[in-house]
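Okay, structure first, notes after.
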Amino acid sequence: MTALMIKAIKVPRMTQVTWYRHRALVLGIPGLYLLAAALLVIDSVLQRHWVSSQHLTYCLAYADNSTSSRCLTQNSPYTLGVFAGFVDYWRTEGTVLAAFLLAAVTGLFAGVPWVAREFEGGGFRFTWTQSVSPRRWLLGTFGPLTVLAGAVAAICGVAAHWWFQVAQFRLDGGTTPWGWESLEMTPLSMVSWTLLAMALALLLGVTIRRVLPAMIAFAVTFGGCLVLAQTWLPEFLFRVGTIPLRLNSSTQEYPTSSYVAQTWFARPGGPKLSPMTVYAQLNNAPQPLDLARWLTQHHLSEWVAYQPHSHLVWLALARNVILVAVAVLAVLASVWWLRKHPAE
Amino acid sequence: MNIIETDGLGKRYRQTWALRDCRLTVPAGHVAALVGHNGAGKTTLLRILAGVVTPTAGTATVLGCTPGSQQARDAVSAVDQTVPLYRHLRVRDQLAAARELNDQWDNDLAVQRLSSLNLMTSGKVGKLSGGQQAQLALTLALARRPRLLLLDEPLASLDPLARQEVLGWLMTCVAEDGLSVVFSSHVIAELERVATYLVVLSQGRVQVAATVDSLLDSHLSLTGPAANADHLAGQVSVITVQRAGRQAQVLARTDAAPPGWAARSVTMEELVLGYLREPSARVLPRLEVAR
């Protein structure tokens, strides 16, 4: 029956070869992600049950995360609950970090070895002397494995997103939608990281062609990508398309759940002054100080550039598009490298 | 038609040329033996022709196509000296994978051959003996129904009976399917039985490339006084001189013995060893000896 179904949907031949050759990966990758998804679902069900048993479900309904968090922590008996206290910063943070590990582990133990071992063990000499070209072999094996990994990462991402809807309040003081944890705990983000991990593994496997050195290089490169994606990338992206707002007037406030990308002071028609410059002057002013009056006296107005909450979805999307674009570049670079350096 | 043509072909690994300025033509329909010292460039040449190694210099064609092109890949089968197979697969899965990897595949041939060798087991390829792996690799290569078969020391791991059987099978394929074969080996007795074309590589260059018959017809083993051996070079093309006391044995390219010298036909082994001993002697396609 299965054979008939496979025949009916015309599985590409390289996909069948991938199944013959990499059964452990084809079964292991979904196993890893689905196990993680199951654990997240179980944990989430326990958390939701605890919130419900404490009659605190109403806290989750606040639009502002920090209000929800305050509501939960102030109204719950701190030492009770399933996990001896609802607030558990490290447990939550650790779980979010473990989500990254899924992509890293997939790249490290599935992405790198299949291609590097082919060169190290000389299996390519068999494959390349059949009717398939090196490029078709490369993409024909990478494609099914990566599509599979991406699909199960999406499932795991849905579970992670559902888990984080409650788990975010376990972080002491909560988190904002702009926090890195919130950005990562989405299906799209899990898929992007997995695709990037597989693509980087492919590139390093094809260029280094030795399993262990390629694994070490992957760990360093992927770690670097994680650091950049948590530090430089959001800082860069969150400054794009900001809305400037003058704060001098007491009626002017930026919306809640928005992200303040930049703050500065300015005189009418004058250049921007950094907050550091103004605060230095403030320190020299006689105390106590009425800030608003002081600013008015010095013809200064305070400005912020902020991202409204409505931009978040687009910025998060842009971030994932960048990750996927890097993955695509890595795959193209792998194909190019293989063409230039087929084998030695 | 030539099954192989190379011109100025070279391959450099870092600072070392494994193959250099290789000019070679092998006509179709031959079983071509490729011999040479260790490190002479045989494996490199075969890998370039199989399309798994890119040359650093020069050009090569197999059956008129660039090695590694789709046409070449469909028409050329190769078995590397490392006997590359998917060793962690079971034999049946290896067979199934090979079938999926090829546009043209004679499954009956593969199954019958493997069954006759008792290799259609559920065991893993890596658990087979070296000889069994070589048999499996040869079977998979021939099941592709290639027009050209490149074999790099294919018989090295086989026992004498298996060698004889494989050579017989190869010759049957050559006779029935018009298959051309290029294979390298250090066992000259094997080559003598099946080779119709001889290519000797030395220090990365082609030293000899001609049909076996023309080489045997144009060379003689001369025996005579050692004192006269030095003067022989003026009369015939001397390849090698081996002195034993007052006697000298000379491998020469000539069809008649000079006066004072006894002549006899050479064997292929003598011919090959003679050229291997004297790397500067060459016999290139028009049978022109250059020293």
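The values are calculated or read from the model by the stated rules, or taken from the named source; none is laboratory data. All values reported here derive from a predicted model rather than from experimental measurement. Glycine also receives a Cβ, built like all others from the backbone with ideal geometry; neighbour counts cover every protein chain displayed.
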Segment B:18-53, residues that are without any contact (Cβ under 8 Å) to a residue 24 or more places away in the chain and touching a Lys or Arg at 6+ places or on another chain (Cβ under 9 Å): none
Selection within segment B:252-268 - in contact (Cβ under 8 Å) with a residue 60 or more places away in the chain and among the β-branched types (Val, Ile, Thr): B:Thr267
Candidates A:Pro342, A:Pro308, A:Pro286 - the one that is over 26 Å from A:Pro187 (Cβ atoms) and either in contact with a Ser or Thr (Cβ under 7 Å, 6 or more places away or on another chain) or aromatic (Phe, Trp, Tyr) (or both): A:Pro342
Residue list for segment B:75-96, restricted to those being touching a residue at least 40 places away in the same chain (Cβ under 8 Å), facing chain A (nearest Cβ under 7 Å) and in contact with a Ser or Thr (Cβ under 9 Å, 6 or more places away or on another chain): B:Ser77, B:Ala78, B:Asp80, B:Pro84
Candidate set: segment B:84-105, residues that are in contact with a Leu (Cβ under 8 Å, 6 or more places away or on another chain) and either surrounded by fewer than 19 Cβ atoms within 10 Å (Cβ to Cβ) or not polar (S, T, N, Q) (or both); chosen: the one nearest to B:Gly39 (Cα to Cα): B:Leu85
Subset of segment B:51-66 [more than 7 Å from chain A (Cβ to nearest Cβ), over 18 Å from B:His30 (Cα atoms) and either at pLDDT below 90 or not in a strand (DSSP E or B) (or both)]: B:Pro55, B:Thr56, B:Thr66
Output for segment A:305-344, where each listed residue is part of a loop (DSSP other than H, G, I, E, B) and closer than 30 Å to A:Thr127 by Cβ: A:His341, A:Pro342, A:Ala343, A:Glu344
Condition check for A:Trp90: of a type in the set (Phe, Trp, Tyr), in a helix (DSSP H, G or I) and modelled with pLDDT under 80: yes
Within segment B:134-162, tally of residues that are assigned to a helix (DSSP H, G or I) and either buried (at least 21 other Cβ atoms within 10 Å of the Cβ) or at pLDDT 90 or above (or both): 10
Criterion: basic (Lys, Arg), assigned to a loop (DSSP other than H, G, I, E, B) and either out of contact with any Pro (no Cβ under 6 Å at 6 or more places or on another chain) or within 27 Å of B:Gly51 (Cα to Cα) (or both) - qualifying residue of B:Arg87, B:Arg99: B:Arg87
Positions within segment A:127-160 being within 11 Å of another protein chain (Cβ to nearest Cβ) and of a type in the set (Val, Ile, Thr), in sequence order: A:Thr127, A:Thr129, A:Val132
Residue within segment A:17-32 that is polar (S, T, N, Q) and at pLDDT 90 or above present: yes
Extreme residue, farthest from the chain's Cα centre (by Cα), among residues of segment B:190-245 that are within 30 Å of B:Asp152 (Cβ to Cβ) and acidic (Asp, Glu): B:Asp217
Leading residue by the ranking (farthest from the other protein chains (Cβ to nearest Cβ)) among those in segment A:298-344 that are touching a strand residue (DSSP E or B) at 6+ places or on another chain (Cβ under 7 Å) and aromatic (Phe, Trp, Tyr): A:Trp303
Residues being part of a strand (DSSP E or B) and within 14 Å of chain A (Cβ to nearest Cβ) - total across segment B:6-16: 4
In segment A:109-122, residue farthest from the other protein chains (Cβ to nearest Cβ) [restricted to those that are on the phi < 0 side of the Ramachandran plot and surrounded by fewer than 19 Cβ atoms within 10 Å (Cβ to Cβ)]: A:Phe109
Flag if B:Thr43 is surrounded by fewer than 23 Cβ atoms within 10 Å (Cβ to Cβ), outside any strand (DSSP E or B) and of a type in the set (Val, Ile, Thr): yes
Failed condition for A:Glu302, given (1) in contact (Cβ under 8 Å) with a residue 12 or more places away in the chain; (2) in a helix (DSSP H, G or I): (2)
Test: residue in segment A:102-115 that is touching a His at 6+ places or on another chain (Cβ under 7 Å) and closer than 23 Å to A:Val211 by Cβ: yes
One residue from A:Thr256, A:Thr207 being more than 30 Å from A:Leu148 (Cβ to Cβ) and hydroxyl-bearing (Ser, Thr, Tyr): A:Thr256
Residue under evaluation B:Ser69, criteria (1) more than 11 Å from every other protein chain (Cβ to nearest Cβ); (2) surrounded by fewer than 22 Cβ atoms within 10 Å (Cβ to Cβ); (3) in contact (Cβ under 8 Å) with a residue 12 or more places away in the chain; (4) not acidic (Asp, Glu), criterion not met: (1)
Selection from segment B:104-124 of residues that are of a type outside the set (S, T, N, Q) and either within 16 Å of B:Leu138 (Cβ to Cβ) or modelled with pLDDT of 90 or more (or both): B:Trp105, B:Asp106, B:Asp108, B:Leu109, B:Ala110, B:Val111, B:Arg113, B:Leu114, B:Leu117, B:Leu119, B:Met120, B:Lys124
Count of segment A:302-331 residues which are surrounded by fewer than 16 Cβ atoms within 10 Å (Cβ to Cβ) and among the β-branched types (Val, Ile, Thr): 3
